[in-house]
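Written below as structure tokens is the structure these notes are about.
The values are calculated or read from the model by the stated rules, or taken from the named source; none is laboratory data. These numbers were taken from a predicted model, which means no experiment stands behind them. Cβ placement follows ideal geometry from the backbone for every residue including glycine, while neighbour counts extend to all protein chains displayed. For accessibility, only protein heavy atoms count, side chains too; no ligands or nucleic acids. Shrake-Rupley method; radii C 1.70, N 1.55, O 1.52, S 1.80 Å.
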Amino acid sequence: MICLGIETSCDETALALVSEGRVLGERMASQVELHALFGGVVPELASREHLRKATSLFSGLMADAGLAPVDIEGVAVARGPGLLGSLLVGMNLAKGLAQGLGVPLVGVNHLHAHLMVAGLEREIAFPALGLLISGGHTHLYLIRSPFDFELLGRTLDDAAGEALDKAAKLVNLPYPGGKYIDILGSTVQPDDTLFPRPYTANPGLDFSFSGLKSAVARHISQNPHLRLPALPDGGLPDIPGLPLFCASINSAVADTLRIKTERAADQHPEARTLVVAGGVAANSMIRRVLGRMCEERGLACVLPSAGLCTDNAVMVAYLGEMMLRAGYRHGPEVTSIPRGKAIPLDFLKMPG
Ligand code: KG4
Ligand code: ZN
């Protein structure tokens, strides 16, 4: 089945075509430079940019793939979680195309898509543990199949990426901060006495990064020399102590993720694989720490390549095609679901 995937949940407008689990084409317009001017994503601007770019990206994608719209056999769209205004742009395009072409439509959970697209590069053995770490989410799942996710734990406040981004902002590193913390921090060894592993002294699987945020703010107020005078344009600054600061925060986040994931693996010995996804899964230290943990426990570790970690439409088309082929369908009334709201299982049709 030739499935079109549409992703507009945050600041990437992306469309992709997948058929039989293979990528036929992909087009993406990033808004990172626009939002970098404001130090974070501005929702209103994001929606307008999606609206401006989406249809021309669609024409470009079809031309790249040498296909015509009538070749599309199903449409999948990220229905949430995300920024509501942004999601609505993608949803509207998806409904228009599905209705106009007379093909089935399915709304895909953006977070599940992040995790399942790892299967494009390496087969996932189920049941699997899924750790979704992005700018907006830190979710730990037990995944029984691509269509059966049980949420085991989630952040009670900031997401892992948000913790890194806020720390980066405090020292005036550019947006997206997590990436710069990774780059600067990878040049030195961390000092693991600097920052806590927040919310780990409890038996649960939820996360809370607010303790780390306070510790980082305290550290900066005691060490104001770490703060860059102004946002640097271009190369990264050479500030003594800044690489150590970055490495140590990175290590605190990586270790916190490792502690909770290892606890989930203890509670679910049936899990055969750990899948890690989301923008923060591009982080080199987190990849190393989780990779080592899996090796020690005999778990297969599936870490998608960097291009598949951040938001993209291949993931929506990939999981969407699997869902459509399995018989999942949404009706024309399907809605977008903003961040913080549960995504309902309101399929028009489900298999079986
Ligand atoms: O999944 P994503 O692209 O967007 C959503 O939040 O849905 O994730 C963006 C997050 C940002 O917080 C960004 O700082 C972080 O991913 N990020 C990284 C790295 N690259 C992107 N964090 C740590 N290390 C990286 N290399
Ligand atoms: Zn995402």
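Numbers below:
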{"read-out": "All positions within segment 21-40 that are within 17 Å of residue 315 (Cβ to Cβ), exposed (fewer than 15 other Cβ atoms within 10 Å of the Cβ) and in contact (Cβ under 8 Å) with a residue 40 or more places away in the chain", "value": "21"}
{"read-out": "Selected residue (only one of 249, 259, 286 is more than 13 Å from ligand 1 (Cβ to nearest atom), assigned by TED's automatic domain parsing to the domain that holds residue 126 and either surrounded by 24 or more Cβ atoms within 10 Å (Cβ to Cβ) or under 18 Å from residue 158 (Cα atoms) (or both))", "value": "259"}
{"read-out": "Flag for residue 334 being of a type in the set (Val, Ile, Thr), touching a residue at least 24 places away in the same chain (Cβ under 8 Å) and in a helix (DSSP H, G or I)", "value": "no"}
{"read-out": "Failed item, numbered, when residue 149 is tested on (1) assigned by TED's automatic domain parsing to the domain that holds residue 210; (2) surrounded by fewer than 24 Cβ atoms within 10 Å (Cβ to Cβ); (3) within 16 Å of ligand 1 (Cβ to nearest atom)", "value": "(3)"}
{"read-out": "Segment 111-127, subset open to solvent by less than 10 Å² (accessible area, probe 1.4 Å) and touching a helix residue (DSSP H, G or I) at 6+ places or on another chain (Cβ under 8 Å), residue nearest to ligand 1 (Cβ to nearest atom)", "value": "114"}
{"read-out": "Among the candidates 243, 237, residue that is touching a Leu at 6+ places or on another chain (Cβ under 7 Å) and without any contact (Cβ under 8 Å) to a residue 40 or more places away in the chain", "value": "237"}
{"read-out": "Qualifying position, being buried (at least 18 other Cβ atoms within 10 Å of the Cβ), outside the structural domain of residue 268 (by TED's automatic domain parsing) and out of contact with any Gly (no Cβ under 7 Å at 6 or more places or on another chain), among 136, 96, 90, 102", "value": "90"}
{"read-out": "Which listed residue, of 76, 63, 36, is among the aliphatic types (A, V, I, L, M), over 15 Å from residue 311 (Cβ atoms), away from ligand 1 (no atom under 16 Å from the Cβ) and in the same structural domain as residue 340 (by TED's automatic domain parsing)", "value": "63"}
{"read-out": "Per-region count, segment 289-310, residues at negative phi and open to solvent by 30 Å² or more (accessible area, probe 1.4 Å)", "value": "10"}
